[in-house]
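Undergrad: Below is a structure I'd like to ask you about.
Read-outs: derived from the displayed coordinates by stated rules, not from any lab. All figures in this text were calculated on a predicted structure; none of them were measured in a lab. Neighbour counts are summed over all protein chains in view; Cβ atoms, including those assigned to glycine, are modelled from backbone coordinates with ideal geometry.
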Amino acid sequence: MAYCRASRLPNDFWDTRIMRVQLLEHHHVRRRVPGVEFPALGGRAGRASSWDYRPIENVMHHVFLGMSVLQKQRIRPAGRGAGTITTRWASSRDCTVTQKYRVGSNCLTTCLCVAVLSVSSMNSWVQGQEGLLPEIPEILLEDVLVFPLISLPPPLRSVDNLLGGAPPTTWFRRTTIVLEMWFNAAALVCLLPLLASAVPVADNSPRIDYDAIIVGGGPAGLSALSGLARVRRKVLLIDSGVYRNGATRHMHDLIGNDGLQPAYHRWLARQQISYYGTVTMTNGTVSKIQPEQNNTYFTVTGKYPGDKDISFTARKIVLATGLRDLIPGTPGLAESWANGVYWCHWCDGHEHADQALGLLGPLTSVPGTVRESLTLNKDIVAFVNGTDTPANREATEKSSPRWREYLKLHKVQVENRTIASFERLRDGSDKAADPSLPTHPEHDLFRVHFTDGESTTREAFVASFKEEQYSSLGKDLGVSMCGDKLCTDSAKGLVTSVPGVYAVGDCNSDNVTNIPHALFSGKRTAVYLHVQLERETAAAELAALDGTAAKRSVHEEARSLWEYMNGDADDVLYAAGSFEQ
């Protein structure tokens, strides 16, 4: 339906209220219909004609009213104003053409007959020029008015009836145009959705399964889940079952739970959180997170128990996916990881206090690690594995001025030989230790073998190895990276550069990696996420209030239009029944 420019039409063009239009024009065809007398060909068309001629302004009247309602609703179909309702054109040789009229985001599908008149021809005809219509050798869709012929009465549904035997193929091939419009109740009902399309024809809003989905079931993810459960948010936590501290003997510096095993801590947290009825926890591996509708919600796809690929939707995403330590492939090292070989003094250092300590890492990391160790250990050897080079000495001097003097002062030895393997001589686990105690000594013992020369022994090691994101989900989503971490805005609850996506725990960019930090970051995000959800809900609720008022106005306009077009009870086209019916 192209835009009808009213300025090109006479002032009284919209004034006539006539229900039925019959327009036949062909210079070779002139059929007699009982009770109807046709004017002479070439004569001036007008209402004074002796036949039941009802001009086309009735159709234009309805188009104009429909456009007016759309304009009042500020609908902008096709992005070019209220007068551009786009149509996907369909053609047929009978009166059962199916078209979809799209108004904004709403779509009305009807079974239509379509008649086409050029805008220029209509203006010429209305202004009373000779002939009903000039020849139209080719109809251009960009310059036409398309009228839906809806629910024609049975006697008028066939072209054969209208043209007295002319086959449909002939009718469509010629330039003859037949326009028959009955604005009875059925027709008007079909038009009302176009006139009041501020209300969707169908509810196309997506199904949202959860307020938030948390990916990762370590301390940070569980903390976020607990915080959201406390305010009765509907949340799903998906846990792959892989944890950075999975091999660690005990967790420390966790107020009230010092000395717990990591697995027991996770189990206890799950047990307590499960008392809150709005949250769900499941094992699974998320493979993809897809933002939808400008990040208003997300589709999360993953593999779950039973090798089932399932997708869920959520308004927000919390990434608690953690880090992976890049452990060198030196034989014996990975097997000892987190059991006498650790990366955090606060997590495991106290259990190895006053023991012979080895430092594992490049030369540049040694001064800083020594500073963290001296209150716990005095017997320290730095195994730098061939990184004691002139370039690294210069870099270390820049980051830690006078580092040689500092290490010499504390009798720290630098061992630069290449390590061939690690051999465990003793397991420091104490099965007889009281599990209720927050800490007890762990006496491990290792032998370090080199590619040349004699081996040496150490009781524990502090490692300074690199790490990487355990999951690529954040990067795949387009989250900005700060080095190897997911950039987050602490002032906005650790939200990432992708709206609606948060990152907590070790994976984010605040560069703190311990259990208390993980718990804090999860809780921080839970609070901000909850409030942000409510902000968005409040905005939608207030917008709905405005929309309800607008709907009432449109409804009343539609009622008035119905009553106006329905006419009096004795009208031949009067539709029995009220507007509601």
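Undergrad: Which of the trypsin sites (Lys or Arg not before Pro) across the range 342-450 are loop residues per DSSP, with 16 or fewer other Cβ within 10 Å? If you can, show how the numbers build up before the last one.
TA: Working: sites: Arg371, Lys378, Arg393, Lys398, Arg402, Arg404, Lys408, Lys411, Arg417, Arg424, Arg426, Lys431, Arg447; in loops: Lys378, Arg402, Lys411, Arg417, Lys431.
Answer by residue number: Lys378, Arg402, Lys411, Lys431.
Undergrad: Once the mean 1/r over all distinct Cα pairs of the range 253-348 is inverted, what Kirkwood radius in angstroms do you read off?
TA: On the way: mean 1/r = 0.0578 Å⁻¹.
Here the Kirkwood hydrodynamic radius works out to 17.3 Å.
Undergrad: A further question follows. List, in order, the whole-Hz ³J(HN,Hα) value for each residue of the range 482-494 obtained from phi through the Karplus relation with A = 6.51, B = -1.76, C = 1.60 and θ = phi - 60°; use x for Gly and Pro.
TA: Taking θ as phi minus 60°, the curve returns 10, x, 9, 10, 7, 5, 9, 9, 5, 5, 10, x, 6 Hz for the range 482-494.
Undergrad: I would also like to ask the following. Residue-wise, which Karplus ³J(HN,Hα) couplings in Hz belong to the range 287-302, taking 6.51 cos²θ - 1.76 cosθ + 1.60, θ = phi - 60°, and x for glycine or proline?
TA: Karplus-based 3J(HN,Hα) across the range 287-302 equals 9, 7, 10, 10, x, 10, 6, 6, 6, 6, 7, 9, 9, 10, 10, x Hz.
Undergrad: Count charges around Val462 for me, please; just the other residues with Cβ under 9 Å from its Cβ, Lys/Arg as +1, Asp/Glu as -1.
TA: Numbers: positive: none; negative: Asp348, Glu372.
So the environment of Val462 carries a net charge of -2.
Undergrad: I would also like to ask the following. How large are Rg and Dmax for the range 248-307 when only the alpha carbon atoms are used, in Å?
TA: Computed over the Cα atoms of the range 248-307, radius of gyration and Dmax are 16.6, 46 Å.
Undergrad: Still on this model: Would you mind computing the Rg to Rh ratio of the range 333-465 from its alpha-carbon coordinates, Kirkwood style for Rh?
TA: Working: Rg = 15.1 Å, Rh = 15.4 Å.
Value, to two decimals: 0.98.
Undergrad: Loop-only check: which GluC sites (Glu not before Pro) in the range 388-490 are DSSP coil with at most 15 other Cβ within 10 angstrom?
TA: Glu454
Undergrad: Then there's this: How big is the range 398-485 by Rg and Dmax over its Cα atoms, in Å?
TA: Both quantities, over Cα of the range 398-485: 19.8, 51 Å.
Undergrad: Using only the C-alpha atoms of the range 203-289, find the volume of their convex hull and express it per residue in Å³. Display every interim value, and only then the final one.
TA: Working: hull volume 9.2 nm³, N = 87.
Expressed per residue, the convex hull around the Cα atoms of the range 203-289 is 105 Å³.
Undergrad: Tally Lys and Arg at +1 and Asp and Glu at -1 over the other residues with C-beta under 11 Å from the C-beta of Pro438: what net charge comes out? Could the numbers behind the result be given before it?
TA: Numbers: positive: none; negative: Asp253, Asp258, Glu351, Asp434.
Summing Lys/Arg as +1 and Asp/Glu as -1 gives -4.
Undergrad: What pairs from Lys234/Lys492; Lys303/Lys475; Lys431/Lys466 go past 24 Å between their alpha carbons? Write out the running numbers ahead of the final one.
TA: Numbers: Lys234/Lys492 21 Å; Lys303/Lys475 19 Å; Lys431/Lys466 32 Å.
Going by Cα-Cα distance, Lys431/Lys466 fall outside the 24 Å limit.
Undergrad: If you don't mind, another one. With a cut-off of 8 Å between alpha carbons and a minimum separation of six or more residues, what is the relative contact order of the range 333-465 in percent? Please list the in-between numbers first.
TA: Numbers: 230 pairs, mean separation 45.5, N = 133.
Across the range 333-465, relative contact order equals 34 percent.
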